[in-house]
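The values are calculated or read from the model by the stated rules, or taken from the named source; none is laboratory data. Only a predicted model underlies this, so the values are computations on that prediction, with no experimental measurement involved. Don't worry about glycine lacking a Cβ; one is built from the backbone with ideal geometry, like all the others, and counts go over all protein chains shown. The protein model used for the area step is the full one, side chains on, heavy atoms only, and it has no ligands, DNA or RNA in it. Shrake-Rupley method; radii C 1.70, N 1.55, O 1.52, S 1.80 Å.
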Amino acid sequence: MASQTMNSSMQPTDVYGGDEVSAIVLDPGYTSVRAGFAGEEVPKSFVSAHYGQIGDQLIFGDNEIHNYKPGMEIRNPMGKDGVVEDWDVATKLFEYSITSRLTRFPQSDPRSNGLNDDPKDADVEMDAVEEQEKTLEEHPLLMTETAWSTTKSREKSIEIAMENWGCPAFWLARNSVLAAFASGKATALVVDVGASNVSVISIHDGLILKKSIQKSPLAGNWLSSQLRSLFGSVEPKVDLVPHFMVRSKTPVDAGAPAQAIYREFKIPPTASFRALEEDRVLTEFKESVIQVWPGPGRLSSGTGPGSTNEDVARSQPGRVFEMPDGANQMWGLERFKVGEGMWDEKAALPVAGEIPPTKAQTIPEMIKASLGGVDMDLRPTLLQNVVVTGGTSLISGFNDRLNAELTVLYPGARIKIQAAGLTSERRFGSWIGGSILGSLGTFHQMWISKKEYDEFGANVVEKRCK
Amino acid sequence: MTSHDVRDMLDLPGSAAPRPAKKQKLAGPRPNLKGLAREVQSLGGDNPIAIVPEISIFKKRRLASRKPAAKWELKPFKNSAREDDLVLRHWKRKAELPPAPVEENVETAPVEEEMEDSTFAKFNVKVNTPKYDDEQYRSRLESDDWTKDETDYLIGLVQEYDLRWPIIWDRYDYQPPVPALDEGEGSIAIVPATKTRSMEDMKARYYKIAATMMAIHNPVQFMGQAEFSLHEMMNNFDAKQETKRKQFAELNFRRSREEAKEEESLLLELKRILARNDKLTEERKELYARLEAPISSGNLGLYSTSTGLQQLLQQLMTVDKSKKRKSIMGMEGMSPAVVGQGNSQQTSGSGDRRESSNHRESVPSSTAPNNKKGPQAAGNERRKLTEEEERVYGVSHHDRLPGGPQFRHEKIQKPITSKSSVQQQKINNVLAELEVPIRLVMPTADVGVQFEQLLSAINTLLDGRKVADKLTSEIALATEQKRLREEKEKENKEAGGAEGGAEVKVEEEREKSAAPSVKAGSVHKRSASVLSTVSDKSTKRQKK
Ligand SMILES: Nc1ncnc2c1ncn2[C@@H]1O[C@H](COP(=O)(O)OP(=O)(O)OP(=O)(O)O)[C@@H](O)[C@H]1O
Ligand SMILES: [Mg+2]
């Protein structure tokens, strides 16, 4: 026993792939920014991608943005397709996510560590930052990006890493590739169901196949809007009251109106703040109530004369959800209906002001299209290496349904779905992959160094990170 | 492990300290237990159950080793696989310097400063893509379909993506160079349409170039085995066939549920058929083993007809009654059940057996009972053979069979067995020389025909040899006579001159021209070579 555990004073003698150079991995997504040291298991820093803004002051971090502050607007630097839109804020947000937990930079200065923030200090803080040594002078940075990110945004990332943060080396990796790495695969069909997008991408030997990139918006945010639509359509209507509105509540029977005392605000919270807080309730609801019809067949497909899977679903035990204001009720068949639109566009609940999803946006169709865009010889391999990642894939029944749909689509093929069992591994799939990649000894030769950046300019990412 | 051992190990003084009085605790007043624990205790009534609380003891803290902690340092290093000299830093154990007295030697300092190279640099391997110059391209690599520019682009991609074709195909995006605008005449017409290239196109082009360049650098005749086979493989790449294969694969991939099911059931069926086939060959082997045995015991011709077999059965039955069955078994090396089965099959005649075995392949359920039914019942179930199958099974139709049904293997043997034993021996010798087994391994109809041809050829050969032998002896006789006559003539010459000399010479000449090739050796050789082609064919058949 004792001989097997590695002693800290020994070095591994055989060839062991890791060789850590204290690289930092940064994985921005629509809901959160994940950052941490390469070689670790989970990101040390997990920061909401939403930020608060009051006037000129920007507020980052979950501790701050979920507190009511008069006049605070909630924004997100990420665009609807998961690509950075507002680079100025994104730079600060990323910097915050790195420096608040990982490197030593601002903690030494009480004026800039975010704890003593006061609107009138704002300009002082900015000056202070300027004088600091660069954030990441000692750490190579591995950043992730979506498969569809634009050249401009790629060039911008290296620019910021090199110029603003002073990284000695930089790399830009596709998050789907990293998710595959996290599952131990270099060739895989990655189904990433995040917040803003579902993407299905074929990966061969660690490189994405561009002709196979499929994405659609039927992901976590869309599910939330389905939920809102559901809450509006049931009788009686469900009032979505976020936690911060409720001062105290008394338990009530299922279906009874809520009895709660609400907080009053002199300056009412902004709509964006309320929406953010409502979304948190919806996420809870998604985590605990929603279920995907696991198959076989669709929810609407028949099981016999006059009966469909809906009847089967209806007969399954319901789940109770209590709203922050105490109102609670049992959810039966409805909890199956919310997620059905991801698989069957006809089953999507209508949402006012939203274009109903098309067939091509459903997950089975995307997989079909993605596989259609790769070489024939690769397809069976890909189907045997289906990697599922992203937060929304955690809704219960998702993997069963995916498997059922795939067996219908490809009855002759062998299908194997790889989905991490641990919640954290599923949500942080692409970060974990980055952590693996960034700590590999063979990766040292890949980094784009500062020198190369100076020599070839920002366009070097296009040439190197393919 | 006793405490003594522990003390020993820890180098503590012997059993100086008294052992902790642990047991006292148990003897003491029982604690006021609550809940389930009390219930459990009370189960024991007056004799309390001895429940010894198990105290989980964590591993003792490791004794601080006397050595000072190993020193690690953040060490910068380079990677020679990189083209720039990026310096990264990682934690390494500090090399322990020998505690030699440090002299103030300046020269040792720079040695220490030399930066270590990454141990991973050696994993940096690249594929070698063919390189050609303009001249070589013009003379050897021109193609109607590919411009030099596009070829360059392809080779570049192959190098960039390390020959990973799915990626090369995926990223292939060739933009032909925009023709110089200064000519200004109908520039729209000049712009060539970008072709969509299939992966097979690309592969074909690349392999062609790679093979050609390989041959240029190292002509085919000087290539090593591995090189040559690579060259051949690349040269023989067939894009059309590849495309077709992929189409098939795609069809297979796209099959519907029903088709998949059908395939599955067909595969099952195939498995069953193969299993049955195995059983059949097994049975056939047994049968051969049985057929082998009697040949040593003499004449088999007696049993080659169904009536003969009937007699044999009768005979065996009577032997059976008188003797123990075991004796037969011992002779044939078979289990009694098998013997019995074999007999019943033999009685039903060879033709019938063959049909029933045919039959078994298609209808698994009815195996043995078929034999016992009348020929009519068997005939009803009999499948009509197609022409092809008839050929395969060697079925032929006769109005009448002279001599009744026979084993083919007997029939084949007949031309040999009917000969005298001397002749038989001769035939066998020839066969042995040709390495054709006397008993054919697989006496199909075709092989039988070939074998017959072979036998007749052997007969011709033997006849030829006989004639040759006769002629040789005649020649020998003639020469002997001549010699004698010459001797006589010599005597005559000595006596009376050289009148008859010319005459003798003429006669000698005539003899030679009459049988120029009748020298026994040459005849034998030639007919053997003719024979060998025939036998080659027949052995090939047998292997099939
Ligand atoms: N247990 C859960 N069940 C259902 N949904 C969940 C669960 N946990 C998280 N989610 C949802 O997953 C989404 C976040 O997933 P993830 O972190 O993968 O997205 P992201 O990477 O930030 O976004 P994107 O990939 O679109 O840029 C949110 O919409 C959240 O509501
Ligand atoms: Mg994501």
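For the reader, a short list of remarks on this structure follows.
- Across the stretch A:359-444, Cα-Cα pairs farther apart than 16 Å form 61% of the total.
- Amide hydrogen neighbours beyond the local backbone of A:Gln384, cut-off 5 Å, H modeled: A:Lys416
- Amide H contacts of A:Tyr262: A:Arg247, each under 5 Å away and 5 or more positions distant or on a separate chain (H built 1.01 Å from N in the peptide plane; Pro and chain starts excluded).
- On the basis of the beta-carbon distance and an R0 of 25 Å, A:Glu41 and A:Thr358 show a calculated FRET efficiency of 0.05.
- Stretched out straight at 0.36 nm per residue, the stretch from B:Ala260 to B:Lys126 would grow longer than its current Cα-Cα span by 44.0 nm.
- Integer Hz, Karplus 6.51/-1.76/1.60 couplings in order for the stretch A:76-83, x for Gly and Pro: 9, x, 8, x, 4, 9, x, 10
- Segment A:Glu284-A:Leu409, extension gain: residue separation times 0.36 nm, minus the distance between their alpha carbons: 41.8 nm
- Rolling a 1.4 Å probe over the protein heavy atoms of the stretch A:220-347, with every protein chain left in place, gives an accessible area that is 54 percent carbon and sulfur.
- If R0 equals 41 Å, the separation of the Cβ atoms of A:Ser424 and B:Ile273 corresponds to a calculated FRET efficiency of about 0.20.
- Taken one residue at a time, the phi angles of the stretch B:242-256 give Karplus couplings (6.51, -1.76, 1.60, θ = phi - 60°) of 4, 4, 5, 4, 5, 4, 4, 4, 5, 4, 4, 5, 8, 4, 7 Hz. Gly and Pro are set to x.
- The simple Förster model, with R0 at 56 Å and r as the Cβ-Cβ distance, assigns B:Leu316 and B:Arg245 a FRET efficiency of 0.40.
- Report note on the peptides B:75-84, A:166-175: ranked by the mean count of other C-beta atoms within 10 Å, highest first, their order is A:166-175, B:75-84.
- Altogether, the Stokes-Einstein calculation at 25 °C and 0.890 mPa s, with the Kirkwood radius of the stretch A:58-102 over Cα pairs as Rh, returns a diffusion coefficient of 212 µm²/s.
- Within chain A, the selection of entire DSSP H helices by a Cα span of 18 Å or greater along the long axis and an average Kyte-Doolittle value of at least -1.0 returns A:220-233, A:271-288.
- Computed extension length for B:Thr281-B:Arg485: 66.4 nm, one decimal, from 0.36 nm per residue of separation with the Cα-Cα distance subtracted.
- Counting only other chain Cβ atoms within 10 Å of each residue's Cβ, the peptide B:234-245 averages 0.
- Each chain gives up part of its surface: B and A jointly bury about 3600 Å² of accessible area, both sides summed, for a 1.4 Å probe.
- Among A:194-200, A:83-89, A:264-270, the order from most to least packed when residues are scored by Cβ within 10 Å on average: A:194-200, A:83-89, A:264-270
- Two-decimal Rg/Rh across chain A, once Rg and the Kirkwood Rh are taken from alpha-carbon atoms: 0.99
- Relative contact order for chain A, counting Cα pairs under 8 Å that sit 6 or more residues apart, in percent: 21
- Helical content of chain A, expressed as a calculated mean residue ellipticity at 222 nm, amounts to -8500 deg cm²/dmol (DSSP H runs of 4 or more residues, -39,500 (n - 2.57) each, divided by residue number, nearest 500).
- In Å², nearest 10: area of B:Ser229 left accessible to a 1.4 Å probe: 60
- On a per residue basis, the stretch B:408-485 carries 59 Å² of accessible surface, using protein heavy atoms and a 1.4 Å probe.
- The mean number of Cβ atoms from other chains found within 10 Å of a Cβ in peptide A:372-379 is 5, as a whole number.
- For the stretch A:220-347, the convex hull spanned by the alpha carbon atoms encloses 114 Å³ per residue.
- Amide H contacts of A:Ala195: A:Tyr30, A:Thr31, A:Gly220, each under 5 Å away and 5 or more positions distant or on a separate chain (H built 1.01 Å from N in the peptide plane; Pro and chain starts excluded).
- For q = 0.13 Å⁻¹, Debye-computed log10 I/I(0) when each Cα of the stretch B:408-485 counts as one equal scatterer: -0.50
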